[in-house]
Amino acid sequence: MKYFKENKNYALSGTKKRSYLLLLLIPLISIYCTDKQENLNALYPDTIDGVTSFIFNNHSMEDHFSGNWGPPVIGADKKFSRELKEGEGRLLFNALRSEKYIFNADIHSSGNTLSIGLNGKEYKLTGKNKFFGKEDINKGENKISFKFSPGIKFRNADIFPSRIARIKNFKDLIRDPEILFLPGVIRYYINPFAGEELILNLDLNGNKSASLKIEIFTGGKKHTFSKKAQNLKRFRISLIKGKFQEVRITPSGINTEYLRITESLLVSDKPELNKGNEDIPGSMKGKNLLFVLLDAARNDHMSYNGHVRETTPNIDSFSKGSYIFTNCYSQASFTLASTGTLITGLPPDFHGVISKHYSSLNMKSITLAKLFGIKGYFTGSITGNPNYGKAFNYDIGFTDFIELFEDHPVVDAGEFIGPFKKMIEKTEDNPFFIYLHIREPHDPFIMPPPFLGKFQNKFKENGKKLEKFGKAFGQSYIEEGPETELLKKIYDENLAYGDMIFGKILSILKEKKLFENTLVVFLSDHGEAIGENGNIGHGHVLYQPGIRIPIVMKIPGMMGGQNDKQVITSDLVRTITEMFDLPFPYEKSSSGVNLFRNFPGRRLYARSINVFNYPGYMVQQYPYKLITHFPFSEERTFLFNIENDPGEQNTIKNDPLVKDTLLFYLFNHLRRAEKEKFDILKPSLRKSDIDSLKSLGYL
């Protein structure tokens, strides 16, 4: 979010301070009932008081960094730092007023030279502290700049008014996310759903004369009202329903230097939203569960969705009498992170498996397989993609975990049939949870006839020419034209082959008389761009083709139907745990809710693969969707209205309040991840993993 520019329509100058407020470990979009029948969502407000502590261990303050900063990196000492590369790097902060300031940083220069500047004026930096006079500081935006030779690393940095240094234990307080120094302002950006209001709990240190001035800026208008503290600590603040708004809360009448924010919640007064529908599936206790995943299968290329070619006749037949979720999103645009979410219910930035080079699932993680195993289920998985494999500890909890790529790099969907039959026999009539991760329609294209050539005439047999043509999916960017149309047809042929194997898997269940007693879920892990918005492939693609996925669920004893609500992968995990009566351990960290319960809209997030060591993110509150690629800049941030512009062709330029609100949601999401994610473990990639990853274009 561009906190540093004053927006004269609705914003005041201020400082986005410390990177997080860990008030309650509740996700921004999770919903649950309290004793008072309130639905609670923790928020992490901006505390505007002239104090900024720069956080170096994730991207939650990316909007404070500009210039030639490297990404956060963890060293051998397990401490995070950011490296200044050759050139200039800047740290941005806001001051409430012009006054004396102190800059303090933990800098490791290894003998390299470093000069510091403030707002275009250069100074000498001696030691770790730098004092700036009143005349140096602008009211509003300020820029600290550095010029250096390569190799200088920053572990932390703080900037604050010199008056703060007179407070006892100030060094601890300036890094305490719950502290608001006075004078100060608490700020939110919100588009509330019906019935939502803010609850703010402040430790007023016994100041009974305290009051709050509340200002709400929306639609070019300003709404102002106040609340007296009296003996209250918990303040309820009404919001303007259904409008993007900036909320500023200014405490006054307090005779101490700071106060503590102990709660910051978005509360719904609509408890009925959490009640179940009449058609919620009953207990699946004793039933089987089968996940069948086709890797990189696009939702809009399913023929049951009206695609121009008949790609999925078996899935079409399966969808009749099933629940079809038409508006589903993967929480990552690449397999490695999205499958971690599928087996834990945690967003990628929380389970932490986001890079094949340095992260794998923590061994203490509780997976779906582990939960089913505790209940006495047989748990098995077969995979044709090493990004969902043992190297990343994705086998945690599985009784039997088969990696088909161990013997040869590229796995054909037909290779799943024999191992699946044997796995079913291993269950020995015990209930089971089995997850099949089929590579198709993901390239390379090696499907047998009659699928190769089903929709196009140029390639009728496998070989070097087709292999070379399919390598276009590794290019990242491609112009739409005749070539992309041919790629779409070949992709659809590969999808049709995967669909045929899906039909055979269902036939095995029926032959074994297991189908009627098995909850079957068909889904994908992410989408695939084929020329849309100039993109090809996935991983880096956060446009709709890269993250929209199919989810179709056949539930024993249920008639099925179509559901158009916004759905994410974590919802599937939450739904399964409730239906099978499993104790879900991540209720306060997961983004998921039961698919069959009512909930008011969604705020959605998705993560892309790292490009040049930086990730990208999508954040959405329908109909608005924002894509930003770090390192953060206005030029790398795009806002769309996907209701009016489903192809995401027209970037919205003139609605800063919407953009700031979606970025506020995103940085809230990252601040929570900063505190709640597991310690990451380095993966153990074997030769078979490396060979297969190369064959899939990942290395």
Next item on the list: Working only within segment 389-434, note down all residues that are touching a residue at least 24 places away in the same chain (Cβ under 8 Å) and more than 20 Å from ASP295 (Cβ to Cβ).
Entry: ILE396, GLY397, THR399, ASP400, LYS421, ILE424, LYS426, THR427, GLU428, ASN430, PRO431, PHE432
Notebook entry, point to check: Considering GLY453, GLY376, GLY418, which residue is in a helix (DSSP H, G or I), at pLDDT 90 or above, out of contact with any helix residue (DSSP H, G or I) (no Cβ under 6 Å at 6 or more places or on another chain) and over 28 Å from SER355 (Cβ atoms)?
Noted result: GLY418
Check: Here are some residues: GLY470, GLY474, GLY463. Which one is touching a strand residue (DSSP E or B) at 6+ places or on another chain (Cβ under 7 Å) and either not acidic (Asp, Glu) or not assigned by TED's automatic domain parsing to the domain that holds GLY537 (or both)?
Finding: GLY474
Margin query: So, in segment 379-415, how many residues would count as being among the β-branched types (Val, Ile, Thr) and assigned to a loop (DSSP other than H, G, I, E, B)?
Written below: 4
Notebook entry, point to check: Is there any pair linking a residue in segment 244-260 that is modelled with pLDDT under 90 to one that is loosely packed, with under 14 Cβ neighbours inside 10 Å, with Cβ under 7 Å and at least six apart or on different chains, and which?
Noted result: GLY253/SER209; THR256/ASN205
Note to self: Need a quick list: strands (runs of 3 or more DSSP E) entirely within segment 113-182 having at least 2 residues that are under 11 Å from VAL51 (Cα atoms), touching a residue at least 40 places away in the same chain (Cβ under 8 Å) and among the polar types (S, T, N, Q).
What the structure shows: none
Item checked: All positions within segment 284-303 that are modelled with pLDDT under 95 and either crowded, with 22+ Cβ neighbours inside 10 Å or more than 25 Å from SER507 (Cα to Cα) (or both) -> none
Item checked: Tally, over segment 288-322, of residues that are among the small types (Gly, Ala, Ser) and part of a helix (DSSP H, G or I) -> 3
Notebook entry, point to check: Of the residues PHE392, PHE416, PHE405, which single one is of a type outside the set (D, E, K, R) and within 15 Å of SER695 (Cα to Cα)?
Noted result: PHE405
Next item on the list: Answer with yes or no whether PRO150 is modelled with pLDDT under 85 and either touching a helix residue (DSSP H, G or I) at 6+ places or on another chain (Cβ under 9 Å) or not β-branched (Val, Ile, Thr) (or both).
Entry: yes
Checklist line | Condition check for GLY592: closer than 20 Å to THR326 by Cβ, in the same structural domain as VAL521 (by TED's automatic domain parsing) and outside any helix (DSSP H, G or I) | finding: yes
Next item on the list: Kindly indicate whether LYS2 is among the basic types (Lys, Arg), closer than 23 Å to ILE216 by Cα and either part of a strand (DSSP E or B) or at pLDDT below 85 (or both).
Entry: yes
Next item on the list: Considering each of GLU461, GLU493 in turn, give the residue that is assigned to a helix (DSSP H, G or I) and in contact with a Pro (Cβ under 9 Å, 6 or more places away or on another chain).
Entry: GLU493
Check: Can we say TYR665 is among the hydroxyl-bearing types (Ser, Thr, Tyr) and crowded, with 17+ Cβ neighbours inside 10 Å?
Finding: yes
Note to self: Condition first: more than 25 Å from the chain's Cα centre (by Cα) and outside any strand (DSSP E or B). Now tell me which residues in segment 42-74 satisfy that.
What the structure shows: ASP49, GLY50, VAL51
Next item on the list: Of all residues in segment 516-551, count the ones that are within 15 Å of the chain's Cα centre (by Cα), over 21 Å from PHE325 (Cα atoms) and not β-branched (Val, Ile, Thr).
Entry: 2
Margin query: Looking only at segment 207-264, count every residue that is assigned to a strand (DSSP E or B), more than 22 Å from PHE181 (Cβ to Cβ) and not β-branched (Val, Ile, Thr) and tell me the total.
Written below: 9
Item checked: Yes/no for ILE102 being modelled with pLDDT of 85 or more, β-branched (Val, Ile, Thr) and surrounded by fewer than 19 Cβ atoms within 10 Å (Cβ to Cβ) -> yes
Check: For segment 502-525, which residues satisfy the criterion of being closer than 11 Å to PHE420 by Cβ and of a type in the set (Val, Ile, Thr)?
Finding: ILE505, ILE508
Next item on the list: For segment 414-429, state whether one or more residues are assigned by TED's automatic domain parsing to the domain that holds LEU523, surrounded by 19 or more Cβ atoms within 10 Å (Cβ to Cβ) and under 22 Å from LEU685 (Cα atoms).
Entry: no
Check: Just wondering, is there one or more residues in segment 554-561 that are more than 30 Å from GLY474 (Cβ to Cβ) and not assigned by TED's automatic domain parsing to the domain that holds PRO348?
Finding: no
Item checked: Number of the exception - PHE612 against (1) under 30 Å from LYS471 (Cβ atoms); (2) in contact with a His (Cβ under 8 Å, 6 or more places away or on another chain); (3) aromatic (Phe, Trp, Tyr) -> (2)
Check: So which residues in segment 601-646 are in contact with a Gly (Cβ under 6 Å, 6 or more places away or on another chain) and part of a strand (DSSP E or B)?
Finding: HIS629
Note to self: With among the aliphatic types (A, V, I, L, M) and farther than 28 Å from ASN641 by Cα as the only criterion, which of MET618, MET559 stands out?
What the structure shows: MET559
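Matching residues to (1) assigned to a loop (DSSP other than H, G, I, E, B); (2) modelled with pLDDT under 85; (3) in contact with a Ser or Thr (Cβ under 7 Å, 6 or more places away or on another chain):
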residue: GLU648; (1), (2), (3): yes, no, no
residue: LYS653; (1), (2), (3): yes, no, no
residue: ASP660; (1), (2), (3): no, no, no
residue: PHE664; (1), (2), (3): no, no, no
residue: LYS675; (1), (2), (3): no, yes, no
residue: PRO683; (1), (2), (3): yes, yes, yes
residue: SER688; (1), (2), (3): no, yes, no
residue: LEU693; (1), (2), (3): no, yes, no
residue: LEU699; (1), (2), (3): yes, yes, no
Notebook entry, point to check: Looking at segment 623-642, which of the residues that are surrounded by 16 or more Cβ atoms within 10 Å (Cβ to Cβ) and of a type in the set (S, T, N, Q) is farthest from MET61 (Cα to Cα)?
Noted result: ASN641
Checklist line | Residue among VAL619, VAL552 that alone is among the aliphatic types (A, V, I, L, M), within 23 Å of SER283 (Cα to Cα) and either touching an Asp or Glu at 6+ places or on another chain (Cβ under 7 Å) or at pLDDT 90 or above (or both) | finding: VAL552
Notebook entry, point to check: Looking at this structure, is GLY373 surrounded by fewer than 24 Cβ atoms within 10 Å (Cβ to Cβ), on the phi < 0 side of the Ramachandran plot, in the same structural domain as GLU406 (by TED's automatic domain parsing) and of a type outside the set (Phe, Trp, Tyr)?
Noted result: yes
Margin query: When you scan segment 123-145, do you find a residue that is over 27 Å from VAL611 (Cα atoms) and β-branched (Val, Ile, Thr), even just one?
Written below: yes
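The values are calculated or read from the model by the stated rules, or taken from the named source; none is laboratory data. The model shown is predicted, which means the values in this text are computed figures rather than measured ones. Neighbour counts are summed over all protein chains in view; Cβ atoms, including those assigned to glycine, are modelled from backbone coordinates with ideal geometry.
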